[in-house]
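Quick notes on the structure that follows.
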Amino acid sequence: MSEIFEVHINESSRVPKYKQIVDSILNGIDAGDIKIGEKIPSINELSESCFLSRDTVEKAYKELRKRQIIESVKGKGYYISRINKSDSINIFFLINKSSTYKMMIYNYFVDAIGSKGNVEMYIYHCDETLFINALKKNLGVYDYYVIMPHFRDENSKHTSSTKEVIDIIEKIPKNKLLLLDNTKPNISGEYGTIFQDFEHDIYNALKEGLEKIKKYEKLILVYPAKSVHPYPFRIVHGFEKFCKDYKLDYEILDEIYPDMELQDKDLFITIQERDLVNLVKQIRQKNLKLGEDIGIISYNETPLKELLGITVVTTDFKAMAESAAYMVLKNKKEQVNNVFKFIERESL
């Protein structure tokens, strides 16, 4: 064990102590103070030297093992993993926007890849030119290209691809390509894809909540027709089909307007975060009861929606990310329709 091995614990910090241990070891590796293959203190040794509980150190080591930073050798102790970064996979992760849920996918993906890969993210803001330029500059540079294809056309509406987009994607070897989140465009050959089926996903999710939905007299989908980061219009198709099949009164709005004419037993389905916020504000201002007078279903899960008790229809971002990491590490070329869920909470 190195004599310069040291874990720094700041007693006054609000960062959990197990996380401080993890960060100290990672920083030591980056600085070259802790070498690959080097033995590190046992759980008991570190617990005693840093005046920490054994559970705290054990939690830190469990996290480091999960991320494959350390490994345990039976009868000998813990060592810094011998994985050589030069042998790891270099991954170009091309994402269309930095929304909460897209960043959740990215973070889950990085966690699942662990030390077996180096992930570099690039955001192209649904802009075709930025997307094409990013790929042009990086063709042949990476071992894998994970791409979320969502674009904004000249009318600020959503499109999955253009001829120019397909042309540049075709230049990526298919064994190095993984399309994520959106249904695959017309690209030749066999390659991996994990996608949402936007039309059928929302239809089937709403169907799960049909009994609760039927207590409302009108369903209102708030779909932003024009946006910097537009959403697939297939969501609208699935919503309309659901309402027609179950003979439900419905309306489609571009946004939540100031001073909405809210009616008792309206059920809103919001897509953008700002529409959800504006709607909740107006419900409170008018002393209406959420989940009784007015219902809300929001599109895409976030931690804040869970905290606020907002019912959601959502893809499983963790499942998508972990499936993507598995396909990259195992070089799989599967076509996977990602899990989509209806999560009922107090707002319905």
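The values are calculated or read from the model by the stated rules, or taken from the named source; none is laboratory data. Not measured: the values here are computed from a predicted model. Using ideal geometry, Cβ is built from the backbone for each residue, glycine included, and neighbour counts are taken over all protein chains shown. We work out accessible area using only protein heavy atoms, side chains counted, and drop any ligands, DNA or RNA first. Shrake-Rupley method; radii C 1.70, N 1.55, O 1.52, S 1.80 Å.
Some observations on this one:
- Scope the stretch 213-242; condition open to solvent by 20 Å² or more (accessible area, probe 1.4 Å) and touching an Asp or Glu at 6+ places or on another chain (Cβ under 7 Å); matching residues: 217, 218, 225, 234, 237
- Qualifying residue in the stretch 55-70 (condition: farther than 21 Å from residue 17 by Cα, surrounded by fewer than 16 Cβ atoms within 10 Å (Cβ to Cβ), out of contact with any Cys (no Cβ under 7 Å at 6 or more places or on another chain) and of a type outside the set (Phe, Trp, Tyr)): no
Residue-by-condition table, conditions (1) farther than 30 Å from residue 329 by Cβ; (2) of a type outside the set (S, T, N, Q); (3) assigned to a helix (DSSP H, G or I):
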site: 178; (1), (2), (3): no, yes, no
site: 189; (1), (2), (3): no, yes, no
site: 194; (1), (2), (3): no, yes, no
site: 201; (1), (2), (3): no, yes, yes
site: 212; (1), (2), (3): yes, yes, yes
site: 215; (1), (2), (3): yes, yes, no
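Conditions (1) surrounded by 15 or more Cβ atoms within 10 Å (Cβ to Cβ); (2) out of contact with any helix residue (DSSP H, G or I) (no Cβ under 8 Å at 6 or more places or on another chain); (3) charged (D, E, K, R), marked per residue:
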| residue | (1), (2), (3) |
| --- | --- |
| 95 | yes, no, no |
| 103 | yes, yes, no |
| 112 | yes, no, no |
| 176 | yes, yes, yes |
| 187 | yes, no, no |
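- Among the residues of the stretch 229-270, those that are under 30 Å from residue 154 (Cα atoms), among the acidic types (Asp, Glu) and assigned to a loop (DSSP other than H, G, I, E, B) comprise 254, 255.
- Scanning the stretch 271-290 for residues that are in a loop (DSSP other than H, G, I, E, B) and over 27 Å from the mean Cα position of the chain (by Cα) yields 286, 287, 288, 289.
- Across the stretch 22-54, the qualifying residues are those that are among the aliphatic types (A, V, I, L, M) and in contact (Cβ under 8 Å) with a residue 40 or more places away in the chain, and the one among them that is most open to solvent (accessible area, probe 1.4 Å) is 36.
- Of the residues contained in the stretch 296-306, one or more are found to be modelled with pLDDT of 95 or more, aliphatic (A, V, I, L, M) and within 17 Å of residue 209 (Cα to Cα).
- Members of the stretch 122-168 that are in a strand (DSSP E or B) and under 18 Å from residue 193 (Cα atoms): 144, 145, 146, 147, 151, 159
- The combined condition, being basic (Lys, Arg), free of Cβ contacts under 8 Å to residues at least 12 places away in the same chain and assigned to a loop (DSSP other than H, G, I, E, B), is not fulfilled by residue 171.
- Listed by first and then second residue, the pairs linking a residue in the stretch 131-158 that is over 18 Å from residue 92 (Cα atoms) to a residue that is of a type in the set (Phe, Trp, Tyr), with Cβ atoms under 8 Å apart and 6 or more places separating them unless they lie on different chains, are 151/131; 157/233; 158/151; 158/231; 158/233.
- Only one of the numbered conditions (1) among the aromatic types (Phe, Trp, Tyr); (2) in contact (Cβ under 8 Å) with a residue 60 or more places away in the chain; (3) open to solvent by less than 60 Å² (accessible area, probe 1.4 Å) is not met by residue 108, and that is (3).
- In the stretch 318-335, the residues that are open to solvent by less than 60 Å² (accessible area, probe 1.4 Å) form Cβ pairs under 7 Å with partners that are basic (Lys, Arg) and at pLDDT below 95, at six or more places apart or across chains, as follows: 329/116.
- Matching residues in the stretch 306-325 - criterion: being touching an Asp or Glu at 6+ places or on another chain (Cβ under 9 Å) and assigned to a helix (DSSP H, G or I): 308, 317, 320, 321, 322, 323, 325
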